[in-house]
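What follows is a set of notes on a single structure, which appears directly below.
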Amino acid sequence: MPVPDSTSRGFSHEATQSASRIVELLDVMWEHARGSATIAPASTSQLRLMYLVDRDEEIRMRSLCKRLATSPPSVTRMCDRLQAIGFLERRPRPGNGREVTLRLTLDGKTHLRRIREQRENTLHHAINALPHADRRALAKGLSGLHTQLTADADADADADADKGSRPGFVPAA
């Protein structure tokens, strides 16, 4: 692997700072979308849980705890709340009734769809205002960033699984 020179390190630092500022801005925008999308809003932590359940239908509670890097009692409380508002259902795992699997209800999926639509509309308007070449560069850069984050998270999860510890960050699919 080539050693980066001071110019590329400076550019990398600048890109990292820019990405960080965008993430902070998106956090604020997503919180607004989360609050305005439904009568029964879910917390940010509950939404993260819902995203993981949506991506991995019939996920086991134990796997969810590991992916969220959260204790089982905390995940259980979040699931209790989501089940109470009709967004989540628990089922015994076939072949092992002691384990619980989770899935979103139709209302839960509808809630996520509305939030995603609001977020995508906001991003679409902002991205569409960019010149064509900038849009292409953004798409390429984001694709590369997603690939790298996914690879890093997969490597961390594999290492943590070997150690028996809890993995942390799991990026969107």
Residue that is farthest from ARG90 (Cα to Cα), among those in the range 108-139 that are free of Cβ contacts under 8 Å to residues at least 12 places away in the same chain and among the polar types (S, T, N, Q): ASN128
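Yes/no matrix, rows are residues, columns are (1) modelled with pLDDT of 95 or more; (2) assigned to a loop (DSSP other than H, G, I, E, B):
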site	(1), (2)
SER63	no, no
LYS66	no, no
THR70	no, yes
ARG77	yes, no
ASP80	yes, no
PRO92	no, no
GLY97	no, no
VAL100	no, no
Residue check for ALA161: in a helix (DSSP H, G or I), modelled with pLDDT under 85 and surrounded by 14 or more Cβ atoms within 10 Å (Cβ to Cβ): no
Out of everything in the range 114-142 that is among the small types (Gly, Ala, Ser) and closer than 17 Å to VAL23 by Cβ, what residue ends up being least open to solvent (accessible area, probe 1.4 Å)? GLY141
If I filter the range 44-61 for residues that are open to solvent by 50 Å² or more (accessible area, probe 1.4 Å) and in contact (Cβ under 8 Å) with a residue 60 or more places away in the chain, do I get at least one hit? yes
Can you pull out the residues in the range 62-78 that are within 11 Å of the chain's Cα centre (by Cα) and either within 20 Å of GLN118 (Cβ to Cβ) or open to solvent by 50 Å² or more (accessible area, probe 1.4 Å) (or both)? ARG67
I need a count of the residues in the range 25-41 that are surrounded by 12 or more Cβ atoms within 10 Å (Cβ to Cβ) and modelled with pLDDT of 80 or more. 1
THR110 vs. criteria at pLDDT below 90 and of a type in the set (Ser, Thr, Tyr): no
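The values are calculated or read from the model by the stated rules, or taken from the named source; none is laboratory data. Remember, it's a predicted structure, so these values are computed and weren't measured experimentally. Virtual Cβ from ideal backbone geometry, glycine too; neighbours counted across all protein chains shown. What goes into the accessible areas is simple: the full protein's heavy atoms, side chains included, and nothing from ligands, DNA or RNA. Shrake-Rupley method; radii C 1.70, N 1.55, O 1.52, S 1.80 Å.
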